[in-house]
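Below you'll find the structure, written out as structure tokens, and then a few comments.
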Amino acid sequence: MPHSADQSSPQLARQPAERSAPQPAGQPQDAELAATAWDLSALIDGEGVEGVTARLDQALDSARAFAERHAGRVSELDGPGLAAAMRELAEIHDLLGRAGGYAALRFSADTASPENGALLQRAQERETEIETTLLFFELEWAALSDEQADRLLAADGLDFCAHHLRRVRRYREHLLSEPEEKILTEKALTGSSAWGRLFEELTSAIEVQLPAADGGPDGESVALDVALSRLASPDREVRRNTAEAVTAALAPGLRTRAFLFNTLLADKATDDRLRRYPSWLSARNLANEVPDASVQALVEAVRGRYELARRWYRLKARLLGVERLVDYDRMASVGRDEASFDYAEAKEIVLDCYSAFSPRLGEVAKGFFDGAWIDAPVRAAKRGGAFCAAIVPSVHPYLLLNYTSRRRDVLTLAHEMGHGVHYALAAPQGVFHQHVPLTLAETASVFGETLVFSRLLAEDHSPESRLTLLAENIEGAIATVFRQVAMSRFEDLVHTERREQGEISVQRFGELWAASQEEMLGDSVEVSDGYRSWWSYVPHFINTPGYVYAYAYGQLLALSVYHRYEERGQEMVPRYLQMLEAGGSRSPEELGGIVGVELADPGFWDQGLDLLERRLSDAEAAAHASGRLS
């Protein structure tokens, strides 16, 4: 439907691109890890591809029958009639979600399979057909007077969808006529949706040719994610050579990806103009239920404290023994001994931390491991990074990892498990309220990651090891807060220039990318010429314009909530669980209020940034205590 076209099933809670650490070349996987894979049969009752087709057909038949009864007559519904109609829609969404989710997850597990691609396309085409069939309902609902809508929403039996229906009405001034909406919806399948799939296939197929000295006698060709993981190497020559190899691998398809991005920038500009959005980011902010001014306050607060990131990078240069970092040094490990955790150890750590906070939370997390709800090993053609997919409330959420036995992978598991328990606890809210806006979507994940980080830090008494752990945490926060805001700044620059000056050249994309990065890095990191093409593999710019600031929003919100937990202890636990259980049934302000957070407070963002600054001071102290600095 028009307001939720970017929220197709399954919902994928993605990690920032640099936070997952794919399998280094040649590293073996442990047995438990290798055996960890999804069982997608629960989505279609073990019926395979035929089950997908059957559910798509049933959903279409139900949608047509629904339209026959209600098209042109939504204004005639009373309270009980509206509740009954919404329950019918929920059933249709469940059928469609199961079929589409099965296709999407199969594709994520193997993006190179033609059969998987064809199945995903079939599901998306049928989803579009059903969406256009049902389009009338939200348009007619939005067209009702405020008085009639308020009267209907006051009726009994609408708790499972009331906030969703209120949210739909927020789009009233941006909706077009029903014929126009149908055209835009149907054309999106061969427009923005098709370009997004092409980008994913192109980037999943990128192979990086490692130098012979680094990759074996004849060098080695590895996936992009695997190559990026080598930027954590303690050897600067390995990092430099890898960065050059990544730049070389990005070069052949760079013009194609630039054209693809240009097309989507223009496509969004057209949509925004037709829908009368005042800026390129307004539609995203409306979906996130936050005003434009609030988002601008977040961005400016983070940009105003870019010096924290620069301070860390200057410290890191001293630890690495270089005068100034280059972009390929940013992810380098400062630890002299890289801690390794096999998958069973990671599982035990995460479960123990979650259970210590709340036995109920631990039990929910345990269910992910007891069932086949996690796909963890690195495989060829598997989608990179990490995500949690909550398909529909009637099916358990799924986690995707690319686990490589590093400590940061333990924290990634804790992060994605936070998404998972959030979705699981919110499932009773139903299909309309299970998900929260992107601005709150990272709260549980960052909170869970912080639980594990705090445990690891508290149990580590070696200054050298503490320094390594703090460094990993600080760099994760920089990637999630400062880097994501810098990426949001890049998006702002390219969307604005595309609208004001026309098609953007490859060179200009590189200049704008470098400008947004240099603003954050200042004099602490040199941005090399090769790095100017690295914007071209980031999926968020393509699939979800404006998404990235939500990482910073969620990270700082979660850190503020965790700070309250540190202050108040166990009294925060039931409040936190209540917030998760509420899902998206309330506004972000109301959800924040459950845990005592005032999202409207202009100084709110500084609370999370202050916590990051304390960790930076701890890292500086650990660096001195370890003898690494004089």
message = For E598, only one of the following conditions fails: (1) touching a helix residue (DSSP H, G or I) at 6+ places or on another chain (Cβ under 7 Å); (2) outside any loop (DSSP other than H, G, I, E, B); (3) without any contact (Cβ under 8 Å) to a residue 24 or more places away in the chain. What is its number?
response = (2)
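Given the options A112, A90, name the one that is among the small types (G, A, S), over 23 Å from L184 (Cβ atoms) and at pLDDT below 95.
Details: A90 fails: at pLDDT below 95.
Selected residue: A112, the only one of A112, A90 that is among the small types (G, A, S), over 23 Å from L184 (Cβ atoms) and at pLDDT below 95.
Pick from S177, S192: which is among the polar types (S, T, N, Q), surrounded by 18 or more Cβ atoms within 10 Å (Cβ to Cβ) and under 23 Å from A63 (Cβ atoms)?
Exactly one of S177, S192 is among the polar types (S, T, N, Q), surrounded by 18 or more Cβ atoms within 10 Å (Cβ to Cβ) and under 23 Å from A63 (Cβ atoms), namely S192.
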query = Has segment 17-35 got any residue that is part of a loop (DSSP other than H, G, I, E, B), modelled with pLDDT of 90 or more and either surrounded by 15 or more Cβ atoms within 10 Å (Cβ to Cβ) or in the same structural domain as E180 (by TED's automatic domain parsing) (or both)?
reply = no
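When only residues in segment 144-203 that are outside any helix (DSSP H, G or I) and in contact with a Phe, Trp or Tyr (Cβ under 9 Å, 6 or more places away or on another chain) count, which is nearest to V74 (Cα to Cα)? Step through it out loud before you land on a result.
So the first thing to find is which residues in segment 144-203 are outside any helix (DSSP H, G or I), and the list is 144-145, 154-161, 170-171, 175-177, 190-191.
Remaining after also requiring in contact with a Phe, Trp or Tyr (Cβ under 9 Å, 6 or more places away or on another chain): 160-161.
Values: F160: 19, C161: 16 Å.
Filtering first and then ranking leaves C161.
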ask   = So which pairs qualify, if the first residue must be in segment 109-124 and acidic (D, E), the second must be part of a helix (DSSP H, G or I), the Cβ gap must be under 7 Å, and the two must be at least 6 apart or on different chains?
value = D110/N116
ask   = Among F107, F137, which is of a type in the set (F, W, Y), over 27 Å from G583 (Cα atoms) and crowded, with 19+ Cβ neighbours inside 10 Å?
value = F107
ask   = Any chance segment 511-521 includes a residue that's at pLDDT 95 or above and either among the aromatic types (F, W, Y) or more than 25 Å from the chain's Cα centre (by Cα) (or both)?
value = yes
inquiry  = Please go through segment 121-162 and give me each residue that is within 23 Å of L60 (Cα to Cα) and among the polar types (S, T, N, Q), ordered by number.
reply    = Q121, Q124, T128, T132, T133
task = Take segment 403-443 and flag every residue that is assigned to a helix (DSSP H, G or I), within 13 Å of the chain's Cα centre (by Cα) and within 22 Å of S587 (Cβ to Cβ).
result = G418, H419, L438, T439, L440, A441, T443
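What residue, of A232, A213, A223, is farther than 30 Å from L134 by Cβ, in contact with a Ser or Thr (Cβ under 6 Å, 6 or more places away or on another chain), at pLDDT below 90 and not β-branched (V, I, T)? It would help to see each step written out before you state the result.
Values: A213 fails: in contact with a Ser or Thr (Cβ under 6 Å, 6 or more places away or on another chain); A223 fails: in contact with a Ser or Thr (Cβ under 6 Å, 6 or more places away or on another chain).
That would be A232, the only listed residue that is farther than 30 Å from L134 by Cβ, in contact with a Ser or Thr (Cβ under 6 Å, 6 or more places away or on another chain), at pLDDT below 90 and not β-branched (V, I, T).
With the condition kept exactly as written, say whether any residue in segment 458-470 is under 20 Å from L231 (Cβ atoms), hydroxyl-bearing (S, T, Y) and at pLDDT 95 or above. Before the answer, list the steps.
Here is the first cut: in segment 458-470, the residues under 20 Å from L231 (Cβ atoms) are 467-470.
Okay, now just the ones that are also hydroxyl-bearing (S, T, Y), so 468.
Still in the list and also at pLDDT 95 or above: none.
Scanning segment 458-470 turns up no residue that is under 20 Å from L231 (Cβ atoms), hydroxyl-bearing (S, T, Y) and at pLDDT 95 or above.
Name the residue, out of F482, F490, that is aromatic (F, W, Y) and under 18 Å from L325 (Cα atoms). It would help to see each step written out before you state the result.
Numbers: F490 fails: under 18 Å from L325 (Cα atoms).
After applying the criteria, what remains is F482.
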key: Hits in segment 131-148 (condition: at pLDDT below 95 and either basic (K, R) or farther than 16 Å from R167 by Cα (or both))   = E131, T132
key: A266 being surrounded by fewer than 17 Cβ atoms within 10 Å (Cβ to Cβ) and at negative phi   = yes
message = Condition (residue is among the small types (G, A, S), under 13 Å from the mean Cα position of the chain (by Cα) and farther than 20 Å from E348 by Cα) applied to segment 444-461: is it met by at least one residue?
response = no
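Tell me the helices (runs of 4 or more DSSP H) entirely within segment 258-355 that contain at least 1 residues that are among the β-branched types (V, I, T) and in contact (Cβ under 8 Å) with a residue 60 or more places away in the chain. So that I can check it myself, show each step before the final result.
Values: elements: 282-287, 292-303, 306-320.
Passing ranges, in order: 292-303.
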inquiry  = Cβ-Cβ under 6 Å, sequence separation 6+ or interchain: first residue in segment 460-480 and within 17 Å of V410 (Cα to Cα), partner among the β-branched types (V, I, T). Which pairs?
reply    = A471/V334
ask   = Only one of (1) crowded, with 18+ Cβ neighbours inside 10 Å; (2) outside the structural domain of F541 (by TED's automatic domain parsing) fails for A309. Which number is that?
value = (2)
message = Take the conditions assigned to a helix (DSSP H, G or I), over 30 Å from the mean Cα position of the chain (by Cα) and within 30 Å of V334 (Cα to Cα) and apply them to E237. Does it pass?
response = yes
task = Of the numbered conditions (1) small (G, A, S); (2) in contact with a helix residue (DSSP H, G or I) (Cβ under 8 Å, 6 or more places away or on another chain); (3) surrounded by fewer than 16 Cβ atoms within 10 Å (Cβ to Cβ), A582 fails exactly one; give the number of that condition.
result = (3)
note = Taking segment 62-87 and keeping only residues that are among the acidic types (D, E) and either within 18 Å of A142 (Cβ to Cβ) or surrounded by 13 or more Cβ atoms within 10 Å (Cβ to Cβ) (or both), one is left with E76
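The values are calculated or read from the model by the stated rules, or taken from the named source; none is laboratory data. Computed from a predicted model, the values in this text were never measured in an experiment. Note that each Cβ is placed from the backbone with ideal geometry, even for glycine, and that neighbours are counted across all protein chains shown.
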